Amino acid sequence: MLRTAILRGVTADASPPTLRRSALAEPTVDPPARWVASITLASIGLWAGFFGPIQVLLAQQAEAIDASNKKEILAVVLGLGALTSVICNPVFGAFSDRTTLRLGRRLPWVAGGAAGGALSLLLLSVADNVVVMALAWCGVQATLNAMLAAVTATVPDQVPVHTRGRVGGILAVAQTLGVVGGTGIASATGSIAAGYVVIAVVLVLLTLPYSFGSRDLALAPEERPAPFDWIGFAKAFWVSPRQHPDFAWAWITRFLVNLGNALGLLYLLYYLQDAVGIAKDEADDRVFLLTAIYGAVLMATAVVFGVWSDRVGRRKVFVIWSGVVGAVATLTLGVVQTWPAALAAAVLLGIGYGIYTAVDFAMITQVLPGAEDRAKDLGVINIANALPQVFAPIIAGLLLIVVDAAGGATETGGDAFSVGYFVVYASAFAAAILGSVFVTRIRSVP
């Protein structure tokens, strides 16, 4: 009854001066442009913190520690970090939902996550062995996932359903700018340590505008959760597929599409060196160029298709075809192992993932079970983003080891062809296609 009353509550703009919108009410008025700008900047810093290391620095660091075992080191570090992400994102999201500070439910976790992420990046900058490297990267994943859980939940907290495609597109652009910016910093700074330090500084600076203008709403006394109970807290992470089937299908489809994407990207630096034949001293710059092309195309499509989705009131058709386009991109990498094919794949992947990131996010906010657990439920959804980061390096690493052991390079027309990378990218194609198929099972969203 309380929740029903809250969801029928008045909005901030329609309220008398003595009332305010409930923290659990569905928003009906668009937030101001300055708020959208501040959450965009925070997202850029967040994704730079994730992907500057993932795209370049961790691979360089693994090679600097032990060049002969670089693939295995990278797989272990990325896998442990992703496992940390799987646990921390929904857990910190649940804590965010339960936060009763006057500052609001989200702001403490955004600001604290950024500060913790910066400190962990600084620790990575001085890591000179696998143990410290792994621990520091797990620290980055833990703190930045606390920030991510809160940032993601601010959208259904503050943005009405009818404009979430547009805001989702803007945040997709922010994610891309963060990926490109982080990769660019990592490639341009000239040293591994300097790359980590600069990314840490950028993360903190870009989070400041949101920290001073979050518009975050605190829970009213009657909205606050019951006294903390560890058993009840743990049980809350299970969202019944029987009671919420659309939420379950949304989770499965996101897991599969992100598994395909992770398989396609995590070994890109080594793919260029080992399969395409790019010289080691050029490979970093080529990764950055591919990332920049991918990012430019993504930014050109994300907002356009997000707004289009809002206007036509449909989500699924966009998500389905975006997965298909992304799948074709990964298959191109596996079948045609040349630099021009890698450029074409970057364009296709940018188109597909740009549409997917904007529209799928809007679709997911429409299948959440309830307003009081938004950050926790989005954290459960974000497991579908993080869990592929656990499985992808294991799957790709094992495939490459097994195929290479069986003689994974063959000669075709005088050019080397890596069977191992073909198998990896064919697996990425299959995962993305399957994810697109399962989108059709979602019933409550057109």
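The values are calculated or read from the model by the stated rules, or taken from the named source; none is laboratory data. None of these values were measured; they are calculated from a predicted model. Note that each Cβ is placed from the backbone with ideal geometry, even for glycine, and that neighbours are counted across all protein chains shown.
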From the option list 380, 367, 390, 359, single residue qualifying as outside any helix (DSSP H, G or I) and in contact (Cβ under 8 Å) with a residue 60 or more places away in the chain is 367
Counting only residues that are surrounded by fewer than 24 Cβ atoms within 10 Å (Cβ to Cβ) and among the hydroxyl-bearing types (Ser, Thr, Tyr), region 302-335 contains a total of 1
(1) more than 19 Å from the chain's Cα centre (by Cα); (2) within 27 Å of residue 59 (Cβ to Cβ): which one isn't true of residue 298, the others all being true? (1)
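Could you check region 339-373 and list, in sequence order, the residues that are within 30 Å of residue 226 (Cβ to Cβ) and of a type in the set (A, V, I, L, M, F, W, C)?
Taking region 339-373 as the starting set, the residues that turn out to be within 30 Å of residue 226 (Cβ to Cβ) are 364-373.
Matches in region 339-373: 364, 367, 368, 371.
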Considering each residue of region 183-212, count those that are outside any helix (DSSP H, G or I) and surrounded by 15 or more Cβ atoms within 10 Å (Cβ to Cβ), and give that number. 1
Quick one: how many residues across region 120-133 are within 21 Å of the chain's Cα centre (by Cα) and surrounded by fewer than 20 Cβ atoms within 10 Å (Cβ to Cβ)? 0
Looking across region 357-408 at residues that are of a type in the set (Gly, Ala, Ser) and touching an Asp or Glu at 6+ places or on another chain (Cβ under 8 Å), the single one that is surrounded by the fewest Cβ atoms within 10 Å (Cβ to Cβ) is 370
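Out of the helices (runs of 4 or more DSSP H) lying entirely within region 1-88, which hold 1 or more residues that are under 15 Å from the mean Cα position of the chain (by Cα) and either within 22 Å of residue 368 (Cβ to Cβ) or modelled with pLDDT of 95 or more (or both)? Give the derivation first.
On the way: elements: 2-7, 33-52, 58-65.
Passing ranges, in order: 33-52.
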For residue 122, all conditions in the list (1) closer than 30 Å to residue 402 by Cα; (2) at pLDDT 95 or above hold save one; what is the number of the exception? (1)
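Is it the case, given these coordinates, that residue 331 is more than 18 Å from residue 172 (Cα to Cα) and either free of Cβ contacts under 8 Å to residues at least 40 places away in the same chain or not charged (D, E, K, R) (or both)?
Values: more than 18 Å from residue 172 (Cα to Cα): yes; either free of Cβ contacts under 8 Å to residues at least 40 places away in the same chain or not charged (D, E, K, R) (or both): yes.
Against the criterion (more than 18 Å from residue 172 (Cα to Cα) and either free of Cβ contacts under 8 Å to residues at least 40 places away in the same chain or not charged (D, E, K, R) (or both)), residue 331 qualifies.
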In the set 180, 173, 167, the lone residue that is over 15 Å from residue 300 (Cβ atoms) and assigned to a helix (DSSP H, G or I) is 167
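Considering only residues that are part of a helix (DSSP H, G or I) and in contact (Cβ under 8 Å) with a residue 24 or more places away in the chain, which ones fall in region 266-282?
Initial filter on region 266-282 (part of a helix (DSSP H, G or I)): 268-276, 280-282.
Once the filter is applied, which keeps residues that are part of a helix (DSSP H, G or I) and in contact (Cβ under 8 Å) with a residue 24 or more places away in the chain, region 266-282 yields 268, 269, 270, 271, 272, 274, 275, 276.
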Boolean, residue 348 is at pLDDT 90 or above and aliphatic (A, V, I, L, M): yes
Looking only at region 68-123, which residues are more than 15 Å from residue 147 (Cα to Cα) and of a type in the set (Asp, Glu)? 72
Selected residue (only one of 379, 370, 326 is closer than 21 Å to residue 176 by Cα, modelled with pLDDT under 90 and not aliphatic (A, V, I, L, M)): 379
Selection from region 213-235 of residues of a type outside the set (Lys, Arg) and touching a residue at least 12 places away in the same chain (Cβ under 8 Å) yields 213, 214, 216, 217, 218, 219, 220, 222, 223, 225, 228, 233
